[in-house]
Amino acid sequence: MTEPSRQTVGQDAPVFRFAPSPNGRLHLGHALSALLNADMAEKAGGRLLLRIEDIDLTRCTPELEQAVFDDLAWLGIPFEKPVRRQSEHFLLYREALDRLQAMGIVYPAFLTRGEVKARVSEYEREGGIWPRDPDGAPLYPTEERMLSEAERTARLATAERYAWRLDIDKALNFVGKRLTWQETGDGARGEIEADPAAWGDVVLWRSDAPSSYHLAVTVDDAAQGVSHVVRGLDLFHATSVHRLLQVLLGVPAPIYHHHRLILGPDGRKLSKSLGDTALAALRAEGRTPSDIRAMVGV
Ligand code: GLU
């Protein structure tokens, strides 16, 4: 990757970032995101950062990270160095969690995914409608917030696994105002009303996985001074959680641009298991970076 030109990019220039997770090969959807970030940064006279989102230490590997660098270099996208790796900043995410804990708005949650599922199935068998988040996952049962201090302490001492979750009602009370963000993307635009309550009590930290995506992305965008977040429309609704965390942690909000998704032949979002849209496979077939631009329409 080439170094950025420091003469033309000032300290207060807009800051863009591409933030892939190296848990599979990059595909056409990533190419669209990376190219849009590069084009928008160039147009705005801004900086372009690369962040490796490798909090999932079991699925992210050094080989896949190297493959990200190779694919982006092939596409001709010049990111600044050094590249930020989330696995090198767990302490920072922990500090953010500590601050939220000190505010009294997080709690240890002990139900496993399977236990939540069983509870939801039972409820729905009896005709109830369990609330689901924008991705379709059932919300965490709110009665789990009610454990007594003594019970929490006892369970923390013995639980094999647990997660720290945000008590969404306490968090919203704490903020006490309507939350919005500025959106310039391919879906709804303008001032968007955030709806973090739709996600219920989100996980911020798991005892067996340091930090959650939501916490790490919020902390990192602030730590890197990101002013423009350009990413897929699949993360549009997650922005509600990020806005809430930004206000709770007292950090500024970037401007968001959620771009259209590249869909597979089945009309579904591309996934990393769809080998034929992997940039490496297309490269091996003899496609060029300008073919990729044409394929994703930028
Ligand atoms: N790491 C996320 C992904 O690969 C993107 C996160 C973001 O851009 O906020 O889907």
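The values are calculated or read from the model by the stated rules, or taken from the named source; none is laboratory data. Because the structure is a prediction, the values reported are computed rather than measured. Note: ideal-geometry Cβ built from the backbone for every residue, glycine included; neighbour counts use all protein chains shown. Surface areas here come from the heavy atoms of the whole protein model, side chains and all, with no ligands, DNA or RNA. Shrake-Rupley method; radii C 1.70, N 1.55, O 1.52, S 1.80 Å.
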Subject >> Residue that is surrounded by 15 or more Cβ atoms within 10 Å (Cβ to Cβ) and away from the ligand (no atom under 12 Å from the Cβ), where the choices are 201, 208 >> reply: 201
Subject >> Matching option when the condition is more than 14 Å from the chain's Cα centre (by Cα), closer than 30 Å to residue 39 by Cβ, surrounded by 15 or more Cβ atoms within 10 Å (Cβ to Cβ) and among the polar types (S, T, N, Q), among 224, 182 >> reply: 224
Subject >> Filter result (part of a helix (DSSP H, G or I) and closer than 23 Å to residue 296 by Cα) within the stretch 67-94 >> reply: 67, 68, 69, 70, 71, 72, 73, 74, 75
Subject >> Residues within the stretch 120-149 that are at pLDDT below 95, of a type outside the set (Asp, Glu) and outside any loop (DSSP other than H, G, I, E, B), tallied >> reply: 3
Original post:
Do any strands (runs of 3 or more DSSP E) lying entirely in the stretch 193-298 carry at least 1 residues that are aromatic (Phe, Trp, Tyr), and which ones are they?
Top reply: 203-206, 255-259
Original post:
Residues in the stretch 212-255 that are near the ligand (Cβ under 9 Å from one of its atoms), of a type in the set (Lys, Arg) and within 23 Å of residue 173 (Cα to Cα): how many?
Top reply: 0
Subject >> Residue that is out of contact with any helix residue (DSSP H, G or I) (no Cβ under 9 Å at 6 or more places or on another chain) and open to solvent by 70 Å² or more (accessible area, probe 1.4 Å), where the choices are 158, 239 >> reply: 158
Original post:
For residue 32, which of the numbered conditions (1) modelled with pLDDT of 95 or more; (2) more than 15 Å from the chain's Cα centre (by Cα); (3) within 16 Å of the ligand (Cβ to nearest atom); (4) under 15 Å from residue 85 (Cα atoms) fails to hold?
Top reply: (4)
**OP:** With the condition kept exactly as written, say whether any residue in the stretch 53-73 is among the basic types (Lys, Arg), within 16 Å of the ligand (Cβ to nearest atom), under 17 Å from residue 219 (Cα atoms) and open to solvent by 30 Å² or more (accessible area, probe 1.4 Å).
**Re:** no
**OP:** Answer yes or no: is there a residue in the stretch 173-182 that is among the hydroxyl-bearing types (Ser, Thr, Tyr), part of a loop (DSSP other than H, G, I, E, B) and in contact with a strand residue (DSSP E or B) (Cβ under 8 Å, 6 or more places away or on another chain).
**Re:** no
